[in-house]
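The values are calculated or read from the model by the stated rules, or taken from the named source; none is laboratory data. Just so we're clear, the structure is a prediction, and the values are computed from it rather than from any experiment. Neighbour counts run over all protein chains shown; Cβ positions are idealised from the backbone, glycine included. Heads up: the accessible areas ignore ligands, DNA and RNA and are worked out on the full protein's heavy atoms, side chains in. Shrake-Rupley method; radii C 1.70, N 1.55, O 1.52, S 1.80 Å.
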Amino acid sequence: MTAWLDKLNETFIQSGYLKMIPEGLLNTIIITAGALLIGVVIGTLIAVTKYLSEGVRVLRPIRAICNIYVTVIRGIPVVVQLLIFYFVIFASSDNGVFVATITFGINSGAYMAEIIRSGLNAVDAGQMEAGRSLGMSRLQTMRKIILPQAIRYIIPAVGNEFIALLKETSVAGYVAVMDLTRAGNLIRNNTFDAVNPLLVVALIYLVIVVALAKLMKFIERRLATGDKR
Amino acid sequence: MISVKNLQKKYKGVDALRGIDVEINRGDVVCVIGPSGSGKSTFLRCLNLLEVPSGGSIFFEGAELTGKKVDLDKHRQKMGMVFQQFNLFPHMTVMQNLTCAPMMLKKVPREQAEKKAMELLGRVGLSDRAGAYPAQLSGGQKQRVAIVRSLCMEPDVMLFDEPTSALDPEMVGEVLDVMKKLAAEGMTMVVVTHEMGFAREVANRVLFIDEGKIIEQGTPEQIFENPQSERLKSFLAKVL
């Protein structure tokens, strides 16, 4: 036991590497939160566009663009996308956190689009007809009638996506971003202690994920009690 | 008020409507009867273009709804519609269901919209349910609220798509009573229904539709007492 404490002291304190853990964690949180925000915005735009353009001939090209986006993004590994964004599209920027946030956001948007679309489709078709028959436009009915009802179907799946996203950002180290994973890995590399840095990193991820899962459960329960149908 | 000319509707190659011509005048109460799958609901849903016709034209108060440059949303505000499944907005209270469209579309101030809604709710006997959510209402109450929701937009015509078909038998009467009152007040109504008693009592014209065509039309007396076509005779023999 004392031997292990000595080792911890040596690896994190005496080496002066401990501060890398909160630094890395902060970057992980920034990237995850930013990507989630971008993902929700892109996902909503695409899902609503696809929903409203169904059966409207003039909007077919826009639908096609949405479909291509979803297909391409979901068909390429996120690490490859990250490398492309960092070394090709944003080659002039060396702000890895920024590039990673954008990449994960655009990536997440494709998944969010599908989540939100299935939520919209879960709302009874009669709701759109009722809105339209009162004289509301498609967009007005979407905003006032369909989206508010779809949210209860969407929230749980978005929570899962949030958790998946947090873990996915662990590959940000590929483009020299010091996220939580890379922080642990750097300490391992510099102290020749493989066990403890990786253990700490793994524990931090686990604690955050469990906390997020608990939060989602809570929100789901709140939504369920608000359900007066 | 509504003039339908050679209305046609094809669903994936199947002819749901095969040329319907009809004139609906102000104050008319037109009941549409016919067997399941005859096209009577499709006909009704074409009137406010919830279904887009494949051919023919529909004129409403002089404007061609099937025309290219028509502001459909504007005209739909004048055509109330009541659905078989009620289609109330479940995330809103009864009051919000009633005031949502007038406030958004006609810019009626909240106070005025709520006053009007309360008055109409009172007339269908539901003043005490204004704060309830649709899930807390019985089927008959839901349908009465749905009727009031349309009335709050002050429509010139009301379209009813089998308004009592999804109701428990003991609740049919309360909805039909509301519709009778509406008819007595002079509302123009087009009602797709299986309630032959209602058609006979309230309608001033009855259309019998089968296989996408009007087979016979006339006053309730003509249709129910003195049917001409074999198809109408056999239909009536089954339902009466």
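Take the conditions without any contact (Cβ under 8 Å) to a residue 24 or more places away in the chain, over 19 Å from A:W4 (Cα atoms) and either in a helix (DSSP H, G or I) or open to solvent by 30 Å² or more (accessible area, probe 1.4 Å) (or both) and apply them to A:V171. Does it pass? So A:V171 does not fit the description; no.
If we scan region A:71-84, do we find a residue that is surrounded by 13 or more Cβ atoms within 10 Å (Cβ to Cβ) and among the hydroxyl-bearing types (S, T, Y)? No: region A:71-84 contains no residue that is surrounded by 13 or more Cβ atoms within 10 Å (Cβ to Cβ) and among the hydroxyl-bearing types (S, T, Y). From the list B:G125, B:G67, B:G139, exactly one residue is away from chain A (no Cβ under 13 Å) and either within 22 Å of B:H194 (Cα to Cα) or among the hydrophobic types (A, V, I, L, M, F, W, C) (or both). Which is it? After applying the criteria, what remains is B:G139. Note on region A:201-229: among residues that are farther than 30 Å from A:Q149 by Cα and in contact with a Leu (Cβ under 9 Å, 6 or more places away or on another chain), the one that is nearest to the other protein chains (Cβ to nearest Cβ) is A:Y205.
Looking for something polar (S, T, N, Q), surrounded by 19 or more Cβ atoms within 10 Å (Cβ to Cβ) and part of a helix (DSSP H, G or I) - is there at least one such residue anywhere in region A:146-165? Yes: one or more hits. The test for being open to solvent by 40 Å² or more (accessible area, probe 1.4 Å) and within 18 Å of the chain's Cα centre (by Cα) holds for A:I208. Look at A:G43 and say whether it is open to solvent by less than 50 Å² (accessible area, probe 1.4 Å) and either assigned to a helix (DSSP H, G or I) or within 14 Å of chain B (Cβ to nearest Cβ) (or both). Considered against the rule, which asks whether it is open to solvent by less than 50 Å² (accessible area, probe 1.4 Å) and either assigned to a helix (DSSP H, G or I) or within 14 Å of chain B (Cβ to nearest Cβ) (or both), A:G43 comes out as yes. Those helices (runs of 4 or more DSSP H) of region B:20-131 in which at least 2 residues are hydrophobic (A, V, I, L, M, F, W, C) and under 21 Å from the mean Cα position of the chain (by Cα), considering only elements entirely within it, cover B:40-47, B:94-105, B:110-123.
Among the residues making up region A:124-145, those that are facing another protein chain (nearest Cβ under 7 Å), within 29 Å of the chain's Cα centre (by Cα) and of a type outside the set (D, E, K, R) are A:Q140, A:I145.
Only a single item in (1) surrounded by 21 or more Cβ atoms within 10 Å (Cβ to Cβ); (2) under 15 Å from B:G80 (Cβ atoms); (3) more than 14 Å from every other protein chain (Cβ to nearest Cβ); (4) under 12 Å from the mean Cα position of the chain (by Cα) is not met by B:V175, and it is number (4). How many residues does region B:156-172 contain that are part of a loop (DSSP other than H, G, I, E, B), surrounded by fewer than 22 Cβ atoms within 10 Å (Cβ to Cβ) and not aliphatic (A, V, I, L, M)? Of the residues in that region, 4 qualify.
The residue list A:G96, A:G109, A:G119, A:G105 contains one member that is within 14 Å of another protein chain (Cβ to nearest Cβ), buried (at least 21 other Cβ atoms within 10 Å of the Cβ) and in contact with a helix residue (DSSP H, G or I) (Cβ under 9 Å, 6 or more places away or on another chain), which is A:G119.
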